[in-house]
Amino acid sequence: MLPATLESANAIALLKTLGIHLVEIGDQHAVMTVQADVRHLNYLGGVHGGLLAALADTVCFFPRPLLPSGHAATTVNLNICYLRPAALGDCLTARSELVHLGRRTASLTVKITDQQERLVAHGTATLLLLAPASAFTGSVVE
């Protein structure tokens, strides 16, 4: 598998459809943004929680030791706590942090904030690493 880059990630069809952009790949983190528009609204006129869940899930794959290093993974657990509603026009930023990288799994936290840096949602994700076990160090990331 080829390592992911900002360009290759931003070419993913689902991300293009939803308007989600990968803006930063860090050694232990990644950052994605989305501007909430009418395609993201639920029946009541607020931003659909599914957008926040998709944003949280996706940003967890992009810290450098994962997709940017060419290591395939899949989500086995995603927990999201919604704290405040996101509104039409909000610029939402999701930041994932890699907290553990083992031989078979990776554990991450994620925070989603609005343009005023208010916490909109937070959560955790566990990814199953699909690459050979020898590709990973098994160390705890701090």
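The values are calculated or read from the model by the stated rules, or taken from the named source; none is laboratory data. Remember, predicted model here, so these are calculated numbers, not experimental data. Positions of Cβ are backbone-derived with ideal geometry, glycine not excepted, and every protein chain shown enters the neighbour counts.
Residues that are polar (S, T, N, Q) and under 22 Å from Ser107 (Cα atoms) were ranked within segment 23-38; the one that is surrounded by the fewest Cβ atoms within 10 Å (Cβ to Cβ) is Gln28.
The set of residues in segment 15-27 being over 13 Å from the mean Cα position of the chain (by Cα) and within 23 Å of Leu98 (Cα to Cα) consists of Asp27 alone. Scoring Leu41 on the criteria (1) crowded, with 21+ Cβ neighbours inside 10 Å; (2) hydrophobic (A, V, I, L, M, F, W, C); (3) more than 16 Å from the chain's Cα centre (by Cα) leaves a single failure, condition (1).
When Arg103 is tested against (1) assigned to a strand (DSSP E or B); (2) touching a Leu at 6+ places or on another chain (Cβ under 8 Å), exactly one condition is not met: (1).
The one condition from (1) in contact with a Pro (Cβ under 9 Å, 6 or more places away or on another chain); (2) assigned to a helix (DSSP H, G or I); (3) exposed (fewer than 14 other Cβ atoms within 10 Å of the Cβ); (4) not aliphatic (A, V, I, L, M) that Pro3 does not meet is (2). Those residues that are of a type in the set (Val, Ile, Thr) and surrounded by 14 or more Cβ atoms within 10 Å (Cβ to Cβ), I need them from segment 6-22; list them, please. Across segment 6-22, the qualifying residues are Ile12, Ile20. For segment 92-142: of the residues being surrounded by 17 or more Cβ atoms within 10 Å (Cβ to Cβ) and under 17 Å from Gly70 (Cβ atoms), which is modelled with the lowest pLDDT? The residue in question is Phe136. Considering only residues in segment 44-54 that are of a type in the set (A, V, I, L, M, F, W, C) and touching a helix residue (DSSP H, G or I) at 6+ places or on another chain (Cβ under 8 Å), the one that is farthest from Thr124 (Cα to Cα) turns out to be Val47. The set of residues in segment 65-91 that are surrounded by 17 or more Cβ atoms within 10 Å (Cβ to Cβ) and more than 17 Å from Thr126 (Cβ to Cβ) comprises Pro68, Ala86, Asp90.
For segment 6-36, filtering for residues that are part of a loop (DSSP other than H, G, I, E, B) and farther than 19 Å from Asp114 by Cβ leaves 5.
Within segment 56-68, being in contact with a helix residue (DSSP H, G or I) (Cβ under 8 Å, 6 or more places away or on another chain) and not in a loop (DSSP other than H, G, I, E, B) holds for Thr58, Leu67.
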